[in-house]
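Heads up: the structure comes next, in structure tokens.
The values are calculated or read from the model by the stated rules, or taken from the named source; none is laboratory data. Everything quoted here is computed from the prediction, not taken from an experiment. Because the Cβ atoms are built from the backbone with ideal geometry, glycine has one as well, and the counts that use them run over all protein chains shown.
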Amino acid sequence: MEFLLQELKKNNIIKKGHFKLTSGMHSDTYINKDLITSNKEIFDMVISGFSNYIYACLVDREMIITSPAVAGIPYGVATAFHNHMQFLYPEKDESEEMYFRRGFPDIIKGRDVLIIEDIITTGKSVDSTAAAIRACGGNPYGLLCIWNRTGYKPMWTKFSKTLITEKVISYDAANCPLCKKGIKLEDPKNAMQQM
């Protein structure tokens, strides 16, 4: 979806610089995914894009949709609502691993589950969500995301689709060339700047 990418750039949702990502990796590109939900036109584009994949991949309407806590949830809820599908959310435990509670494990047991995520860098959140689905006796059937920054390929799914396929380079913090150049590191999640 080249048009979506252009809209993200035009609305300053994609920033250039030196950023610490949620994964702990560093990058010269930051996607402020929180601004996507606050822009009705862009949010609608994302949900429509996900819905088009649901139709194209012949997803069964009895399938459950879930999203890793917390940032992916608005996309999962809106997509489920738009497609008249059920949505259940996981939570994070003390070790940041996903799990289901609130009676959700009984609903998931024996069912196919579609995972919807916002931005993927390492795949840790979606892998943890897939493990939580399996722990409930469910089947992590597919993965949809807005942007797969690194080309991550899940081994546990029948299909994986991303709205934006352009790769963005991420660096391990210990080997970051931007750090070596002395470029100021920004931590957008905490709105604090570090050196």
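Return the residues of the stretch 16-26 that are without any contact (Cβ under 8 Å) to a residue 24 or more places away in the chain and either part of a loop (DSSP other than H, G, I, E, B) or surrounded by 14 or more Cβ atoms within 10 Å (Cβ to Cβ) (or both); say none if nothing qualifies. Matches in the stretch 16-26: none.
Checking each residue in the stretch 138-182 for being touching a Pro at 6+ places or on another chain (Cβ under 9 Å) and closer than 19 Å to H18 by Cβ picks out only Y171.
Please determine whether any residue of the stretch 115-133 is of a type in the set (G, A, S) and surrounded by fewer than 17 Cβ atoms within 10 Å (Cβ to Cβ).
Checked against the condition, which is being of a type in the set (G, A, S) and surrounded by fewer than 17 Cβ atoms within 10 Å (Cβ to Cβ), the stretch 115-133 yields at least one hit.
Residues being under 18 Å from S48 (Cβ atoms) and either modelled with pLDDT of 95 or more or surrounded by fewer than 23 Cβ atoms within 10 Å (Cβ to Cβ) (or both) are entirely absent from the stretch 93-108. Inspect the stretch 38-45 for any residue being outside any helix (DSSP H, G or I), among the small types (G, A, S) and under 17 Å from the mean Cα position of the chain (by Cα) and give the result as yes or no. Yes - at least one qualifying residue is present in the stretch 38-45. Being over 17 Å from W156 (Cα atoms) and small (G, A, S) is a property that G72 has. Could you grab the pairs with beta carbons closer than 7 Å, sequence gap of 6+ or different chains, first residue in the stretch 45-71 and farther than 20 Å from G110 by Cα, second one among the hydroxyl-bearing types (S, T, Y) and part of a loop (DSSP other than H, G, I, E, B)? Pairs that qualify, where the first residue is farther than 20 Å from G110 by Cα and the partner is among the hydroxyl-bearing types (S, T, Y) and part of a loop (DSSP other than H, G, I, E, B), are A69/Y89.
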